[in-house]
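The values are calculated or read from the model by the stated rules, or taken from the named source; none is laboratory data. Please read these numbers as outputs of a predicted model, since none were measured by experiment. Positions of Cβ are generated from backbone atoms using ideal geometry, with glycine treated the same way; all protein chains shown enter the neighbour counts.
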Amino acid sequence: MRRSRAAIPAAIIVAVILVDQLSKAWVRAALDVGESVRVLGPLSLTRVENTGSVFGIGQGHILIPTAVSIVVLVLIPIALRHLRLRYGYIPSRIEAACIALIAGGAIGNLIDRVVLSCVTDFIDVELLPGVHWPFFNFADSCIVVGTIVLLPILFKRGTFVAADGPGD
């Protein structure tokens, strides 16, 4: 019996959401907002409540990133269906896994925005003494890793090459 092509991506999405939500719940239970604990070298856990978007941009404007997340999550299956029907595109296993990482991360942060009106960020990396990378969480990491792995694959596959139009 052949497994459904959607089983592994679905499992990845569920795993990302679970790890993300459990890690954020643990941080909210263990640390007060602004409290920081050094973990190892430049890595600390610092609880931050992000009411904005990526990198904390637009603090206090939770509606825009919430709407963008919903639109992206709705467009992913629509775009995949369109690409399959129009061009016969079926994501490879690695492409599907990357898309699942991105979707799972987006859902994890969307849950925070809808339930808490903010996203709990807690991973704190000190690049240089006194210089920190913007705080992030597990969902953010999944979105970034999924995107960084997916884009070169799509470029290599020729996904972003313009198709010849009529008369070319």
May I ask you to list the residues in segment 1-59 that are among the β-branched types (Val, Ile, Thr), assigned to a helix (DSSP H, G or I) and at pLDDT 95 or above?
-> Ile12, Ile13, Val14, Val16, Ile17, Val19, Val27
Name the residues in segment 27-68 that are in contact (Cβ under 8 Å) with a residue 12 or more places away in the chain and of a type in the set (S, T, N, Q), would you?
-> Ser36, Ser44, Thr46, Asn50, Thr51, Ser53, Thr66
If you check Ile153 against the conditions, is it aliphatic (A, V, I, L, M), at pLDDT below 95 and touching a helix residue (DSSP H, G or I) at 6+ places or on another chain (Cβ under 7 Å)?
-> yes
Give just the number: which of (1) modelled with pLDDT of 90 or more; (2) more than 18 Å from the chain's Cα centre (by Cα); (3) not acidic (Asp, Glu) does Gly158 not satisfy?
-> (1)
Return yes or no: is Ala103 within 15 Å of Phe138 (Cβ to Cβ) and assigned to a helix (DSSP H, G or I)?
-> yes
Return a yes/no flag: does segment 75-90 have any residue that is in a loop (DSSP other than H, G, I, E, B), surrounded by 12 or more Cβ atoms within 10 Å (Cβ to Cβ) and of a type in the set (A, V, I, L, M, F, W, C).
-> no
Is at least one residue of segment 107-115 surrounded by 14 or more Cβ atoms within 10 Å (Cβ to Cβ), in contact with a Pro (Cβ under 9 Å, 6 or more places away or on another chain) and under 15 Å from Val19 (Cβ atoms)?
-> yes
Counting just the residues of segment 20-48 that are β-branched (Val, Ile, Thr) and crowded, with 16+ Cβ neighbours inside 10 Å, which one comes out farthest from Leu110 (Cα to Cα)?
-> Thr46
List, please: which pairs have Cβ atoms under 7 Å, are six or more places apart or on different chains, and start with a residue in segment 69-87 that is within 21 Å of Gly158 (Cα to Cα) and at pLDDT below 90 and end with one that is aliphatic (A, V, I, L, M) and surrounded by fewer than 14 Cβ atoms within 10 Å (Cβ to Cβ)?
-> Arg84/Ile90
Out of (1) among the acidic types (Asp, Glu); (2) at pLDDT below 95; (3) in a helix (DSSP H, G or I), the one Glu126 does not meet is (3)
